[in-house]
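This report concerns only the one structure given below.
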Amino acid sequence: GLNSNETKQKIDQIDIFIEKILGSLNDDDLIMIVSDHGMTDNGSHGGASFDETSSFLYGYSPGIKYKQTINEQINQIDICPTISLLFGYPIPTT
């Protein structure tokens, strides 16, 4: 479940991993952190509910000296094409 010890341990492990990456970024680097799906309070993550299909995308670059937070909803299906376009790749068709 969302509040289980296993989930908390995994989040701590990922936090440490991200901190290491952030410490090694150059000014022109970009890190994008994206979840592939959400999870309900009881741990379900394979269904079609809002909690299960909610995702996030976080981008950070040390060279950007301003902070901008955007809290908008986008469709989960739009994340992959958006990232593809940002990196100059064609939008995946399958």
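The values are calculated or read from the model by the stated rules, or taken from the named source; none is laboratory data. Only a predicted model underlies this, so the values are computations on that prediction, with no experimental measurement involved. Quick reminder, even Gly has a Cβ in these numbers, built from the backbone with ideal geometry, and neighbours come from all protein chains shown. The protein model used for the area step is the full one, side chains on, heavy atoms only, and it has no ligands, DNA or RNA in it. Shrake-Rupley method; radii C 1.70, N 1.55, O 1.52, S 1.80 Å.
Okay, here's what the table says:
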{"item": "Positions within segment 42-57 being among the polar types (S, T, N, Q) and either in contact with a Pro (Cβ under 8 Å, 6 or more places away or on another chain) or open to solvent by less than 100 Å² (accessible area, probe 1.4 Å) (or both), in sequence order", "result": "44, 49, 53, 54, 55"}
{"item": "Filter result for residue 56 (closer than 25 Å to residue 5 by Cα and of a type outside the set (A, V, I, L, M))", "result": "yes"}
{"item": "Which numbered condition residue 60 misses (of (1) open to solvent by 60 Å² or more (accessible area, probe 1.4 Å); (2) more than 24 Å from residue 17 (Cα to Cα); (3) among the hydroxyl-bearing types (Ser, Thr, Tyr))", "result": "(2)"}
{"item": "Close pairs (9 angstrom Cβ cut-off, 6 or more residues apart or separate chains): within 14 Å of residue 41 (Cβ to Cβ) in segment 1-13, open to solvent by 100 Å² or more (accessible area, probe 1.4 Å) anywhere", "result": "1/41; 1/42; 2/41; 2/42; 3/41"}
{"item": "Total residues in segment 1-41, condition hydrophobic (A, V, I, L, M, F, W, C), within 18 Å of residue 61 (Cα to Cα) and surrounded by 11 or more Cβ atoms within 10 Å (Cβ to Cβ)", "result": "9"}
{"item": "Entirely in the chain, the helices (runs of 4 or more DSSP H) that have 2 or more residues that are modelled with pLDDT of 80 or more", "result": "5-23, 79-86"}
{"item": "Pairs with Cβ under 7 Å, 6+ apart, first in segment 37-53 and touching a residue at least 12 places away in the same chain (Cβ under 8 Å), second β-branched (Val, Ile, Thr)", "result": "37/53; 38/53; 51/40; 52/40"}
